[in-house]
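One structure is given below, encoded as structure tokens.
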Amino acid sequence: VVVVFCTLGAAILLFVTEWLRVDVVALLVLITLALTGIVSEEEALGGFSNEAVITMAAVLVLSGGLQRTGIANLLGSRVLAVAGRGEARLTAVLMLTVGLLSGIMNDIAVTALMLPVVVSMSRRLKLSPSKLLMPLAFGSLLGGMTTLIGTAPNILVSGLLQDTGNEAFTMFDFTPIGLCALVAGVAYMVLIGRRLLPERHVGREDEDPSDAQVSEAYELGHRIFTVRIPHDSALANTTLKASRLHPALGWNVLAINHEGEPRLAPGPDAELRGGDTLVVQGRMERYEEVRGWGSLELLEGTPALDGLESDDIGFVEIVLGEGDLAGTTLFDVEFRDITGLRVLAIAHGRRREARLTRLEALPLAAGDRLLAMGPRAYFGFLRALDGLTAVTPLEAQTAAETYDLTRRLMRVRVPAGSGLSGCTLAETNLRDACALTVVGIERAGVRIVLPEPSVVLEEGDVLDIEGRLEELNYLGALQALEVDEGPAPKMESLQSSTVGIGEVVLAPRSEITGKTVRGLHFRERFGLSVIAVWRGGRAYRSNLRDFKLKLGDALLVYGPRDRIAQLHRQDDFIVISGTKAEPFRTEKGPIAAMIMGAVLVTVAFGLVPIWLAALCGATLMTVTRCLKPGEMYEHIEWKAIILVAGMLTLGLAMETSGAAVMIADNVLMLLKPMGPRAVMAGIFLVSALAAYVMPTAAVAVLMSRIVLSDAAGLGVDPQSAAMCIAIASSCAFMSPVGHPVNLLVMGMGGYRFTDYTKVGIGLMLVVFAVVMVVLPIFWPLAPVAATP
């Protein structure tokens, strides 16, 4: 019991803090219970073969077939088109439409499908998207309560009912209570909830939603200006990538005007020439900061090599093997943060010539030799890392000769009046701005070797720098750029039939959450520039290279429209505007509808078990080419499948160990003297509050095991209790992390965490009231005595 409780507590902690992905937590739970012998090997793996898990996967494929053939989009867009212009009426029609669709489709798929439709419609009708997107998400959650296949908790509690010797639910057993909850929830949102929602400005009604409204929403106007490259500039005849305008100044070059001929959305290989005018998007303040640095004074000679090492600081050569580092970059693996060492050079394989510039983005390979510098105490730590075949300390002179460091070391002085004075090394961003690495600082005769990023520079400091002289020239060229004081061009003038802006949001199954724009190599992979990110009700337009993306973020991208269109085929993104969506297979629509109808009918009349009917339907979706074979696996939420399998194992362990009965006796049994209605109220509220911080599927499994293990002792009917748990587990309205659909609309709606709590708590109480009133009408709260 102790092990089970500790495992449960650790799982809840990890769910709440989100330190690990939910599927990883589930796997850790499964492994822990198997290693400790709490469950047998067969029981540990039993979750993956559970009928409920198979049903969930098959239903997701069925939902994908309806999505790919355009059935849901056709119904949704047609209904919304006749809903009128009133906010209240549109809210009601929207929620009822997605609610009914969610009864037969995955709620995430419905929300993702309708998201672009709702945003486009809200802008055309001069309604803030924030007034409609939360109702969209809540409507899909309410709709999932209406049928057995509507949402994962319904499927799971039905399967657990059967496992405990009770009769499982049929397809439409949830419909009476679910429909009442949907209607009551719509009424609440129309009368009260929509008035609590924030409002986001969207521009004028007569504008094209993909142009000025989007630009205004992201407040791009005051961040776009023009600069001119002098004819004698060191930037002339270099490529846009080599100019370092983006890493140094944070500028996105939107257009290059050469002799009156504009080139929109230039690529990294675009050539710059003297006299060119660049239209850039970024912060003018950053440019002023760099200009304020003044001219760094280059001193004769190079730093004394013996002065760059000490008893604490030294050089080390690292040889890579076949391991996790191969195929990645130093930036991807956060090498400096993990090891505390700075890589000064990389030599590929047996080649003697080493690469000394822009090392963080260089793909690593087995056999590469890395020259690093840092605390000697960290060298031993390197030997414990996987994928390293050799770690060899080097003397400074040996390191310099082997990697030809002398041609890369120089000394510069911070001039009097320089804006660098008073800045920390981290704030100067010299490494990104000029590819210069400060390896030492001499101040008043004292040398600081390998200074920390927090060291503050002072006038007269002599910096020992690893870098190229050309980079200093580029710094002077950046400072000499001429800013046009005239009116800035509008974003609309920088678009054409082939170039434009697009809005995309991170998909619920996105694998790029937690990664940075730079770490994704976004420009290189997709040929697009990220010019703004919308999060938490505000737009971010600066320092986006190192912006860690989160689920719910909305990205504004700029570039060729065909490249934006290609994002439709990426599982990580949902394109909201800027290009037409990938065409549906409408000719397969009737077939997909018939397959889904056949599944519903066979299950409703009990002709075959639900898992078998859903599996047959999913197979037919692929056989009839409603879904391509590879797409079948794309629509299965593998994280959810692994989560459920792991939680089923934990639920079984709680039951067999007696932990479930112990929780029921010490928590819910306190309500037994007040009657079955009070017990049912307690079950609902505990489940709903748990869904505030935990995945709904996990809540459904754990609460079902706790309650069904001793339903008779609690004085409640097992089926009624299971129904109550399923509905309550789906009440994930009060936080954005409660369900992926909430996160999906968070960015585009400009919502904050408190918006969900403010609106969602009332909706949860409405559903609670519906369950308390309607549940006893269709399902007896107390066990029915057997007829003698």
Once amide hydrogens are built 1.01 Å from N within the peptide plane, the residues lying 5 or more places from Val439 or on another chain with amide H under 5 Å from its amide H are Asp464, Ile465, Glu466
Counting sequence-distant residues (5 or more places) and residues on other chains, those with an amide H built under 5 Å from that of Leu388 are Gly321
Under Karplus coefficients 6.51, -1.76 and 1.60, residue-wise ³J(HN,Hα) of the range 518-535 in Hz, glycine/proline x: 5, x, 7, 6, 4, 5, 5, 6, 10, x, 10, 9, 7, 9, 6, 10, 9, 8
Honestly the range 234-283 on the Cα gyration tensor test (a ≥ b ≥ c root eigenvalues; a/c under 1.5 rounded, otherwise a/b vs b/c for prolate or oblate) is just oblate
Dipole-positive endmost among Trp534, Pro783, Leu191 within the chain (Cβ charges, Cα centre): Leu191
How large is ³J(HN,Hα), in whole Hz, for each residue of the range 401-413 in order, when computed from phi with the Karplus curve 6.51 cos²θ - 1.76 cosθ + 1.60 and θ = phi - 60°, using x for Gly and Pro? 6, 5, 10, 6, 6, 4, 7, 10, 9, 8, 10, 9, 10
Residue-normalised 222 nm signal for the chain, counting each DSSP H run of n ≥ 4 as -39,500 (n - 2.57), nearest 500 deg cm²/dmol, is -13500 deg cm²/dmol
Please compute the length gained on full extension between Ala366 and Ile192, using 0.36 nm multiplied by the number of residues separating them and subtracting their Cα-Cα distance. 56.5 nm
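First select every other residue whose beta carbon is under 12 angstrom from the beta carbon of Gly460; then total the charges, Lys and Arg +1, Asp and Glu -1.
Working: positive: Arg413, Arg443; negative: Glu297, Glu442, Glu458, Glu459, Asp461.
Value of the local net charge: -3.
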Hey, what did the chain get for relative contact order, percent, Cα under 8 Å, at least 6 apart? 19 percent
Going by amide H atoms built from the backbone, whose H comes under 5 Å of the H on Leu299, apart from near neighbours? Arg411, Val412, Arg413
Got a number for carbon plus sulfur as a percent of the chain's accessible area, 1.4 Å probe? 58 percent
Starting from 0.36 nm per residue, how many nanometres of slack lie between Trp638 and Leu685 once their C-alpha separation is accounted for? 14.0 nm
Vicinal HN-Hα couplings computed from phi for the range 639-645 (Karplus, 6.51 cos²θ - 1.76 cosθ + 1.60; Hz; Gly/Pro x): 4, 5, 4, 5, 4, 5, 4
Could you order peptides 694-702, 111-119, 655-663 by the average number of other Cβ atoms within 10 Å of their residues, highest first? 694-702, 111-119, 655-663
Enter the accessible area per residue of the chain (Å², integer; probe 1.4 Å; all protein chains in place). 41 Å²
What relative contact order, as a whole-number percentage, does the range 721-788 give when Cα pairs under 8 Å and 6 or more residues apart are counted? 34 percent
Quick one: angle between helix 753-778 and the longest Cα principal axis of the chain, in degrees between 0 and 90, rounded to 10, please. 10 degrees
Heavy-atom accessible area with a 1.4 angstrom probe orders Arg525, Arg411, Arg509, most exposed first, as Arg525, Arg509, Arg411
Could I have the simple spin-label model distance between Val446 and Ala712, label points 7 Å from Cα toward Cβ, reported in nm to one decimal? 8.0 nm
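Of all chymotrypsin sites (Phe, Trp or Tyr not before Pro) in the range 625-687, which ones are in loop regions per DSSP and have a Cβ with at most 14 other Cβ atoms within 10 Å?
Nothing satisfies the criteria.
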Can you tell me, using C-alpha contacts under 8 Å and at least 6 residues apart, the relative contact order of the range 537-655 as a whole percent? 14 percent
Give the residue from Ser497, Gly460, Ala480 lying farthest towards the positive end of the charge dipole for the range 460-512; charges sit on Cβ (+1 for Lys and Arg, -1 for Asp and Glu) and the dipole is referred to the Cα centre. Ser497
Label the range 603-740 by shape, choosing from rounded, prolate and oblate, from the square roots a ≥ b ≥ c of the eigenvalues of the Cα gyration tensor; if a/c is under 1.5 it is rounded, and otherwise prolate applies when a/b is larger than b/c, oblate when it is not. prolate
Under a 1.4 angstrom probe, counting protein chains only, how are Cys180, Cys626 ranked by accessible area, largest first? Cys180, Cys626
Let me know the shape class of the range 16-74, please: from the alpha-carbon gyration tensor, a ≥ b ≥ c as square roots of the eigenvalues, rounded when a/c is under 1.5, otherwise prolate if a/b is greater than b/c, or oblate. oblate
GluC sites (Glu not before Pro) restricted to the range 496-580 and DSSP loop, no more than 16 other C-beta within 10 Å: Glu511
Mean Cβ neighbour count within 10 Å, used as a protection proxy, ranking 8-14, 250-256 highest first: 250-256, 8-14
Per-peptide average of other Cβ atoms within 10 Å, ordering 184-191, 393-400 highest first: 184-191, 393-400
Could you tell me the accessible area of Glu482 in Å² (1.4 Å probe, neighbours in place), rounded to the nearest ten? 80 Å²
Straight distance only, please: which lysines reach the Cα of Lys241 with their own Cα at less than 23 Å, same-chain residues fewer than 8 apart left out? Lys515, Lys548
Show Glu297, Glu259 ordered by accessible area, largest first, where the area counts protein heavy atoms only and the probe is 1.4 Å. Glu259, Glu297
Between [x] 29.5; [y] 44.2; [z] 27.9, which matches Kirkwood radius over Cα pairs in Å calculated for the structure shown? [x]
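The values are calculated or read from the model by the stated rules, or taken from the named source; none is laboratory data. Note that the structure is a prediction, hence the values are computed from the model and not measured. Cβ atoms come from the backbone with ideal geometry, glycine included; neighbour counts cover every protein chain shown. These accessible areas exclude ligands, DNA and RNA; they are computed on the full protein's heavy atoms, side chains included. Shrake-Rupley method; radii C 1.70, N 1.55, O 1.52, S 1.80 Å.
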